[in-house]
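Structure record follows, encoded as structure tokens.
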Amino acid sequence: MNVVAPDLHRERAEAVPMRIAVVRRIVQETPDTATYWMNLRRRADRLAYSFAPGQFNMVYVFGAGEVPISISSDPARPTCLAHTVRATGRVTNLFPSLSLGDEIGVRGPFGRPWPMREAAGGDLVIVAGGLGFAPVRPALYAAMRNRAHYRRVIIMVGARGPQHMLFARRLGTWTHTLRARGVEPHLTVDIADDAWPYGHGVVTTLFDPAHLDPRMTTAFVCGPEIMMRFAVHELLERGMGTHRIYVSMERNMQCAARMCGHCQLGPAFVCADGPVFRYDEVAELLEEEEL
Ligand SMILES: Cc1cc2nc3c(=O)[nH]c(=O)nc-3n(C[C@H](O)[C@H](O)[C@H](O)COP(=O)(O)OP(=O)(O)OC[C@H]3O[C@@H](n4cnc5c(N)ncnc54)[C@H](O)[C@@H]3O)c2cc1C
């Protein structure tokens, strides 16, 4: 596997201090997932902290442990930091018991971000499935802030059902706002009743109505690996080059310092070389993996 050297955003994890963040707002997104909005407690930390779309923090719940969580907020407002967390295990199951004013530890940001600059000049399509919307939301914010840098900006979101769709409690207003800001939203869910006004079916059903131009498009894809695999196949079938497709590989990770091997993907480490990879760097692994 040929892993392209990550850019300047890669930092040595052990050199990054833990900062204390205070939970300011909690938004329940789906039955098992909430977004925790927080500020860094110290002014010096707020001044020093910035992140790029697609990066993650190691988030420490005191007394329980540390987990990698993508940053889901606007990179232009780094003092207002959000993490969208699904309760799945030992550490993340403690998030629902956090209250406003509680403190957590934050180390980061880490990881190779979405290549916003490489995508500029052409069309940008963001394809998100389920919780995979969290790591791409900062890219959507960045594209909207720099709308003139792209021809079309298209967001495709799939979820299991309407109640599993992140960041979209008032969907009508949200899609209207996106359109007003020059973004084309396409939404679908696997299962819904007839009252659901958007698409029915898996996320790949959104590709035909979007009429992508394969010569001019860069794709950022994030979601469960099986969804990324099918989405990438659709893009390739439409003639897109593998070098214009990026995926985020969120493999289980512990140290964030390229040491423990938990997140190793062949010769690459998700913590240091990813989580964002160009598809041709990880194609073999994404195709081979037993799901
Ligand atoms: C770069 C990166 C970004 C991430 N961003 C987010 C995010 O924005 N929001 C979010 O909710 N989660 C995110 N995750 C996943 C999150 O880190 C894991 O869910 C968390 O570490 C689980 O820890 P735990 O102690 O709660 O569960 P554990 O008790 O350690 O594990 C519970 C179960 O989940 C499995 N598991 C643990 N980590 C992962 C993983 N990465 N992928 C699939 N299965 C896993 C375990 O094998 C086990 O079966 C991200 C992971 C990575 C590597």
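The values are calculated or read from the model by the stated rules, or taken from the named source; none is laboratory data. Computed from a prediction, not measured in an experiment: that's the story for all the values here. A quick note on method: Cβ atoms are made from the backbone with ideal geometry, for glycine too, and the neighbour counts reach across all protein chains shown.
For the stretch 29-63, which residues satisfy the criterion of being in a loop (DSSP other than H, G, I, E, B), under 27 Å from ASP273 (Cα atoms) and hydrophobic (A, V, I, L, M, F, W, C)?
Within the stretch 29-63, the subset in a loop (DSSP other than H, G, I, E, B) is 31-32, 41-42, 49-55, 62-63.
Checking the rest, the ones that are also under 27 Å from ASP273 (Cα atoms) come to 49-55.
Result: PHE51, ALA52.
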Seminar exercise, completed: Those residues of the stretch 202-243 which are charged (D, E, K, R) and touching a residue at least 40 places away in the same chain (Cβ under 8 Å) amount to ASP213, GLU225, ARG229
Problem set entry | Test set (1) assigned to a helix (DSSP H, G or I); (2) more than 16 Å from the ligand (Cβ to nearest atom) - LEU140 fails condition number | (2)
Problem set entry | Hits in the stretch 88-109 - residues which are surrounded by fewer than 15 Cβ atoms within 10 Å (Cβ to Cβ) and of a type in the set (Val, Ile, Thr) | THR88
For this session: Considering only the stretch 179-194, state which residues are surrounded by fewer than 17 Cβ atoms within 10 Å (Cβ to Cβ), among the hydrophobic types (A, V, I, L, M, F, W, C) and either at pLDDT 95 or above or under 20 Å from ARG86 (Cα atoms) (or both).
Result: ALA180
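Looking at the stretch 143-171, which of the residues that are in a loop (DSSP other than H, G, I, E, B) and within 15 Å of the ligand (Cβ to nearest atom) is surrounded by the fewest Cβ atoms within 10 Å (Cβ to Cβ)? Quick ask: steps written out before the conclusion?
At the first step, the residues of the stretch 143-171 found to be in a loop (DSSP other than H, G, I, E, B) are 146, 150-152, 160-161, 165-170.
From the residues that got through so far, the ones that are within 15 Å of the ligand (Cβ to nearest atom) too are 166-167.
Details: LEU166: 22, PHE167: 18.
Among them, the one singled out is PHE167.
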Exercise. Can you name the residue in the stretch 104-115 that is more than 10 Å from the ligand (Cβ to nearest atom) and outside any strand (DSSP E or B) and, of all such residues, is nearest to GLY274 (Cα to Cα)?
Worked result: PRO113
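Out of the residues in the stretch 43-67 that are within 12 Å of the ligand (Cβ to nearest atom), buried (at least 16 other Cβ atoms within 10 Å of the Cβ) and farther than 24 Å from ALA143 by Cβ, state the one that is farthest from the chain's Cα centre (by Cα).
Here is the first cut: in the stretch 43-67, the residues within 12 Å of the ligand (Cβ to nearest atom) are 54-61, 64-67.
Now narrow it down to the ones that are buried (at least 16 other Cβ atoms within 10 Å of the Cβ): 54-61, 66-67.
Okay, now just the ones that are also farther than 24 Å from ALA143 by Cβ, so 58-61, 66-67.
Working: MET58: 15, VAL59: 16, TYR60: 19, VAL61: 21, GLU66: 19, VAL67: 15 Å.
Ranking the qualifying residues of the stretch 43-67, first place goes to VAL61.
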Problem set entry | Verdict on GLY121 being surrounded by fewer than 24 Cβ atoms within 10 Å (Cβ to Cβ) and within 16 Å of the ligand (Cβ to nearest atom) | no
For this session: Answer yes or no as to whether GLY101 is in a loop (DSSP other than H, G, I, E, B), in contact with a Gly (Cβ under 9 Å, 6 or more places away or on another chain) and modelled with pLDDT of 95 or more.
Result: no
